[in-house]
Amino acid sequence: MTQNATATESAHGLDGPLEIGGIEFMSRLIVGTGKYADNEVMMEAIRASGTEMVTVAVRRVDLDRSKEEAILHHLDPDEFFLLANTAGCYSAEDAIRYARLARAAGFNEFVKLEVIGDETTLLPDVHATLEAAKTLSDEGFKVMAYTNDDLITALRLEDAGCVAVMPLASPIGSGLGVVNPYFIREIKRRLEVPVIVDAGVGTASDACVTMEQGVDGVLMNTALAAADDPVRMSHAMRHAIVAGRLAFLAGRMPSREIAVPSSPTTGMLD
Amino acid sequence: MSADTIHVRLNGKPREIQPGHTVHSLLESLDLRAGMVVVELNLEILGRDSYAECQVQEGDTIELVHFVGGG
């Protein structure tokens, strides 16, 4: 698949696959399907991103049919792994209800667990997230939990059985990039399950910097959907994710606030 | 309550429907494909194989959900 830069990189032995809950993905980019101006652009952007996993939301069917909103009219579940989310839920009980409905659709056991605690910042309610993560993991769900950049919560979510922990880079839809790279690195250092940074990436450099922290992947939606040209931005993000990942694996040179010549200082002419 | 309709709550709104509907026939009357929606009846998720037998009753609360775009 030539569209998938990560797969190309992997073929050259530069990076391995990302494994989440027993499933291997060649792309380290997960994308959302919300907020696109039209579905054709969305599908072109999703394909350009090289992703294999896309998030979808669970909502009531619009019985007035003001528009055709079912995402599966556009998105082929045989082409992309569907990750249903519990976006919009403000309690563990609601998130569990949405997750169960999503699983009943019959695609897979995965859920992107999201329990919001505050309407203004959309920051997660970590207590409710943890409670829902335990219940859903016990019910056989493969929970990928959206959380803040707090190490202790991340550790507890791993203990609760989550197959991936997904700390935010910065608030959902903010495009502020990674506000706390140290905590993201610390979470990655301490957890065994994959760490996917979810929310806050605004542009390609943000995605690259995020991957340079050593995390396993990035989930984004608004950065693509709200770009002036979502398809072009998706290409950029695909490259940025690969670039950041390979830079991390390569190991960067030490940074120092002093110049060091790159050419020999000996052998100069008199 | 008139005898020729029953009252249900469908996706949050009161609705009068013909008596004798199964979940299957209700979905058909709404022009919905069973494979595209998930049905919650009185807070219980219904398996797709029970749509044909499950009768819609007076006072039922029915939620019909599906996947939409989201992040």
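Nothing in this text is a laboratory measurement; each read-out follows from the coordinates by a stated rule. Just so we're clear, the structure is a prediction, and the values are computed from it rather than from any experiment. Here the Cβ positions follow ideal geometry from the backbone for every residue, glycine too, while neighbour counts run over all protein chains shown.
Here the Gaussian network model covers chain A, with springs between Cα atoms less than 10 Å apart; of A:150, A:64, A:118, A:64 fluctuates the most.
What's the FRET efficiency of residue A:189 with residue A:107 using the Cβ-Cβ distance as r and R₀ = 30 Å, to the nearest 0.05? For residue A:189 and residue A:107, the calculated efficiency is 0.35.
Net charge dipole, the protein assembly as shown: roughly 660 debye, given to the nearest 20, about the Cα centre with Cβ charges of +1 for Lys and Arg and -1 for Asp and Glu.
Among A:22, A:117, A:175, the largest mean-square fluctuation in a Gaussian network model of chain A (Cα springs under 10 Å) belongs to A:22. Between residue A:247 and residue A:228, the simple spin-label model (points 7 angstrom out along Cα→Cβ) gives 2.4 nm. Under the simplified labelling scheme, the residue B:31-residue A:94 pair shows an inter-label distance of 3.1 nm, with each label point 7 Å from Cα along Cα→Cβ. In square nanometres and to one decimal, what's the mean projected area of the convex hull around the Cα atoms of segment A:151-270? Here the figure is 10.8 nm², rounded to one decimal. In this structure, residue A:265 and residue A:203 have a Cβ-Cβ separation that, at R0 = 35 Å, corresponds to a calculated FRET efficiency of about 0.35. Where both bridge residues fall in chain A, DSSP classifies roughly 15% of the beta bridges as antiparallel.
With N counted as the residues of segment A:47-104, its alpha-carbon radius of gyration over 2.2 N^0.38 Å works out to 1.27. In straight-distance terms, cross-link reach from residue B:13 covers every one of the lysines whose alpha-carbon lies under 30 Å from its own, apart from those fewer than eight places away in the same chain; here that gives A:35, A:67, A:112. Could you state, as a whole-number percent, how many of the C-alpha pairs of segment A:32-151 are farther apart than 22 Å? Beyond 22 Å sits 39 percent of the P(r) for segment A:32-151.
If R0 is taken as 35 Å, the Cβ-Cβ distance between residue A:179 and residue A:74 corresponds to a FRET efficiency of 0.55. The spacing between segment A:122-155 and segment A:200-217, judged by their C-alpha centroids, is 22 Å. What's the Cα-based Rg to Rh of the protein assembly as shown, Rh via Kirkwood? Here Rg/Rh amounts to 1.08. Each of the trypsin sites (Lys or Arg not before Pro) that DSSP puts in a loop and that has at most 11 other Cβ atoms within 10 Å breaks chain A; the longest unbroken stretch is A:68-251. Put in line by how crowded their Cβ is, counting other Cβ atoms within 10 Å and starting with the fewest, B:7, A:12, B:24 read A:12, B:7, B:24.
Under a model in which nothing but the beta-carbon of Lys, Arg (+1) and Asp, Glu (-1) is charged, segment A:109-217 shows a dipole of about 280 debye around its Cα centre.
P(r) of chain B in 5 Å steps, Cα pairs, percent per bin? Histogramming chain B at 5 Å steps yields 4, 16, 29, 27, 14, 6, 3, 1, 0, 0 percent.
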